[in-house]
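The values are calculated or read from the model by the stated rules, or taken from the named source; none is laboratory data. Quick caveat: nothing in here was measured; it's all calculated off a predicted structure. Virtual Cβ from ideal backbone geometry, glycine too; neighbours counted across all protein chains shown. These accessible areas exclude ligands, DNA and RNA; they are computed on the full protein's heavy atoms, side chains included. Shrake-Rupley method; radii C 1.70, N 1.55, O 1.52, S 1.80 Å.
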Amino acid sequence: MHIGCPKEIKPQEYRVGLTPNAAQEAVNHGHKVTVETSAGIGAGFPDEDYIAAGANVVGTAAEVFEIADMIVKVKEPQPVERKMLLDGQILFTYLHLAPDPEQTKDLMESGATCIAYETVTDDRGGLPLLAPMSEVAGRLAPQVGAWTLQKANGGRGVLMGGVPGVGPARVVVIGGGVVGTHAARIAAGMGADVTVLDRSLPRLRYLDDVFGNVFKSSYASAGNTIELAQQADMIIGAVLIPGAAAPKLISRAQLSELKPGAALVDVAIDQGGCFETSKATTHQDPIYDVDGIMHYCVANMPGAVARTSTIALGNATMPFMLSLADKGWRQACEDDHHLLNGLNVHAGQLTYYAVGKALGIDVISPALALKA
């Protein structure tokens, strides 16, 4: 199979879909690899590293799309990239289709087979290709939230760990999954007073057993959520419904009940955001003010630490990428139902129920797409 990796073009996206190590593994399996020039520069991988791994380097994304059987990326294809997709081509990347009807329409019209990192599953009920970036985003959230809280950025001017005689920042993390757990650990490590909210009692018990007094936990009822949010200096939204649009946990009307200058960090923004007033921002212009409440809603947070993120993502995606290349997408998905769960679009049809429900589009099952 011919594997292609274009340079990411989303603003301030420095990650790359294929590391030189992954390229070398693919070449060792007998596949051809073509990478767009400078695709890995932002993550610290020059073209020479890919050439040494046995890959070809070409000058434009168009050349990559024209010759590749499978396109491997990081972020969802942008409009100009979607126009270059070919009928029958495999696209393997993050998609986050539920809040993005235009992308969904374009991918269906392309005739490509689109497998989304974020909906591939594992035997433990986890999302193994989403988890590495969730870990990175979770650990970044208190860091960027602390910056947002600075007075010069419109925040409350509260120091995360306080100082002797002055209490620490109060941080509420909504969602006790991968993102929320990592966010809580880092915020607590910065000295903040942290409470994690979740609706799963087994998850709350797990957090209590593992982390003890490192941070507090509480049940995420609507009343409890807003009560704790009213006391918070920072609220980190970390709720995920796999493949579906994120639920709105704090409404526009409720902003008036929050502390002036409080920081909302929405890690769920890729799935539409979990605050009603959330809208995607970039690393270049990351925060905005709504009713005196500062919002940080960068849609590709891990791109800020591109080298760490690229290597972590590559470690997770490489076995699946090799399976797709070695067997072809049909056999690979037939052999691994977890990979089949990643199938979101095939031959003009939507194949992921949560996306269809969010966008009002008819869906066929991945199993039917596999047999078609």
*How many of the residues in the stretch 115-126 are assigned to a helix (DSSP H, G or I) and either among the β-branched types (V, I, T) or on the phi > 0 side of the Ramachandran plot (or both)?*
1
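Out of curiosity, is L129 open to solvent by 30 Å² or more (accessible area, probe 1.4 Å), among the aliphatic types (A, V, I, L, M), outside any helix (DSSP H, G or I) and touching a helix residue (DSSP H, G or I) at 6+ places or on another chain (Cβ under 9 Å)?
No.
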*asked:* Can you pull out every residue in the stretch 221-256 that is more than 21 Å from S134 (Cα to Cα), in contact (Cβ under 8 Å) with a residue 60 or more places away in the chain, open to solvent by 30 Å² or more (accessible area, probe 1.4 Å) and in a loop (DSSP other than H, G, I, E, B)?
replied: none
*Return a yes/no flag: does the stretch 350-372 have any residue that is under 16 Å from Q89 (Cα atoms), at pLDDT 95 or above, open to solvent by 20 Å² or more (accessible area, probe 1.4 Å) and outside any helix (DSSP H, G or I).*
no
*Test: residue in the stretch 209-227 that is under 16 Å from V144 (Cβ atoms) and out of contact with any Asp or Glu (no Cβ under 7 Å at 6 or more places or on another chain)*: no
_Filter result (surrounded by fewer than 21 Cβ atoms within 10 Å (Cβ to Cβ) and not in a loop (DSSP other than H, G, I, E, B)) within the stretch 94-110_ = P101, E102, Q103, K105, D106, M108, E109
*asked:* Quick check on my filter: what residues within the stretch 199-220 are open to solvent by 40 Å² or more (accessible area, probe 1.4 Å) and not hydrophobic (A, V, I, L, M, F, W, C)?
replied: R199, S200, P202, R203, R205, Y206, D208, D209, N213, K216, S217, Y219
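So if I check each of G175, G162, G180, G191, which one is more than 26 Å from the chain's Cα centre (by Cα) and open to solvent by less than 30 Å² (accessible area, probe 1.4 Å)?
G162 is the lone residue from the list that is more than 26 Å from the chain's Cα centre (by Cα) and open to solvent by less than 30 Å² (accessible area, probe 1.4 Å).
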*So which pairs qualify, if the first residue must be in the stretch 80-103 and within 20 Å of L130 (Cα to Cα), the second must be assigned to a helix (DSSP H, G or I) and of a type in the set (S, T, Y), the Cβ gap must be under 8 Å, and the two must be at least 6 apart or on different chains?*
F92/Y117; F92/T317; T93/Y117; Y94/Y117; L95/Y117; L97/T104
